[in-house]
Amino acid sequence: MGRVDPRTRTPVPATILIVVIGVILMAALPGAAQLELITASTILPAIVYGATIVLSLAVRKRLDRKKGSFDLGRFELPVAIGALTWSVAAVFVLVAPAEALVPVLVVVGLLIGGGPYFVGLLVFNREVLQTEPGDVNAFMYRRSARGGGGI
């Protein structure tokens, strides 16, 4: 899944996997599957956004402040708490209706499937998590670690 096509610079295997999973979910879900997938695709980002805010609050004292960069100053904590409150409210509104059962199950399944993968990266291949998106060196590291060359 970590391969990027050298000509198009796109992750072809990962893209194909996402399409296949989407088709399987569309075929497996009853009734208004598209609406259920849209709801699920709204729940997951709200959860990720909330988790990002919690992480930011947890490490904010350890982050370096660059001179001249954007900074909320004394409003940082109130804005973060407001954003977290909004995120929790959004998740609640999305999962509360009885019709949201299938989308919630889809999101739970994705979290259960993706959680062990993330933990595996965290334990066995932490360098991948410590690179910026689009950093070509991330792919060069994985290949060189297996004895191959870079891109």
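The values are calculated or read from the model by the stated rules, or taken from the named source; none is laboratory data. None of the values given here were measured: they were computed from a predicted structure. Note that we place each Cβ from the backbone using ideal geometry, even for glycine, and neighbour counts take in every protein chain shown. Side chains included, ligands, DNA and RNA excluded: accessible areas come from the protein's heavy atoms. Shrake-Rupley method; radii C 1.70, N 1.55, O 1.52, S 1.80 Å.
Only residues that are at pLDDT below 90, in a helix (DSSP H, G or I) and either farther than 17 Å from residue 45 by Cα or open to solvent by 90 Å² or more (accessible area, probe 1.4 Å) (or both) were counted across the stretch 78-108, and they come to 4. Pairs are defined by a Cβ separation below 9 Å, a sequence spacing of at least 6 or placement on different chains, a first member in the stretch 1-23 that is more than 16 Å from residue 106 (Cβ to Cβ), and a second member that is aromatic (Phe, Trp, Tyr); the pairs so defined are 2/139; 3/139; 4/139. Across the stretch 47-67, not a single residue is classified as assigned to a helix (DSSP H, G or I) and at positive phi.
Considering only the stretch 115-131, state which residues are more than 14 Å from the chain's Cα centre (by Cα) and hydroxyl-bearing (Ser, Thr, Tyr). If the condition is that a residue be more than 14 Å from the chain's Cα centre (by Cα) and hydroxyl-bearing (Ser, Thr, Tyr), then 131 is the only one that fits.
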